[in-house]
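Below: one structure, written as structure tokens.
The values are calculated or read from the model by the stated rules, or taken from the named source; none is laboratory data. Owing to the predicted nature of the structure, the values given are computational and were not obtained by experimental measurement. So basically every Cβ, Gly included, is an ideal-geometry build from the backbone, and we count neighbours across all protein chains shown. Surface accessibility is based on the protein's heavy atoms, side chains included, excluding ligands, DNA and RNA. Shrake-Rupley method; radii C 1.70, N 1.55, O 1.52, S 1.80 Å.
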Amino acid sequence: HRDTRAHRPVGELEPVLAAVLEGEHVLVLRSALSLEDLELLILLLPPSLRRALTFQTHALGAPPAPLPRLVLTPLAERLKFERAAGEWRHCLPQSRHEISPPARELARDLVALLDAPARLGAAHASYEAYHAHSGAAGAGLLEEVETLLRFARLAALRESGEAGAALRVLAQSLVAHRGADHPETAWLLAQVCDAFAPELLGSAVVENLR
């Protein structure tokens, strides 16, 4: 794996990631996102999720068909692309302020993992193992990144021994999926039980109920 700490994201990485999480089709001015940042954006996702991020890096003439999730175009081609494709979810950098706060927060949290490559790698491994074990069908890209970030938080809490906070991550999954019967929630429960001794979990439950 490439050491993501070797290059820090600049410019439009977080807004582009947030826009991609929120929308099916995003048009980005080529000068607003370097190829290095695009590579980082892809590497932030676990391998099996990267196929969802279809892209074209130097589109000319007319939008490709089928339309990728992310299209980079030079300034000279931008207006032509906007008119030809019609319904872009976001056109960056102009519409960056229209991106929803939840998508922005997810993008910020995921980009922050560039400074914690071991935790990012653990989250990727857990994500891949979860899908291989459960056979769960992938949801939308935004929902899958929410799952990935819960795995990243649990990896950090497992390392620090914070059972109470780990139970709160489990509770977040319960709320997100509206019940305990979702495969992700069952997976997290098994991971929490494996990571912490029963007496420590019992004490954490009592503490969380106070």
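Observations on the model:
- Residue 165 under 27 Å from residue 103 (Cβ atoms), at pLDDT 90 or above and either in contact with a strand residue (DSSP E or B) (Cβ under 6 Å, 6 or more places away or on another chain) or open to solvent by less than 60 Å² (accessible area, probe 1.4 Å) (or both): yes
- Under the condition of being open to solvent by 50 Å² or more (accessible area, probe 1.4 Å), within 22 Å of residue 147 (Cα to Cα) and β-branched (Val, Ile, Thr), the residues counted in region 174-210 number 1.
- The listed residue being among the hydroxyl-bearing types (Ser, Thr, Tyr), over 21 Å from residue 109 (Cα atoms) and over 19 Å from the mean Cα position of the chain (by Cα), out of 160, 203: 203
- Scanning region 84-116 for residues that are buried (at least 16 other Cβ atoms within 10 Å of the Cβ) and over 28 Å from residue 27 (Cβ atoms) gives a single hit, 116.
- Residue 40 satisfies every condition listed in (1) part of a helix (DSSP H, G or I); (2) open to solvent by 10 Å² or more (accessible area, probe 1.4 Å); (3) modelled with pLDDT of 70 or more except (2).
- Annotation: of all residues in region 133-154 being open to solvent by less than 30 Å² (accessible area, probe 1.4 Å) and of a type in the set (A, V, I, L, M), the one that is farthest from residue 15 (Cα to Cα) is 136.
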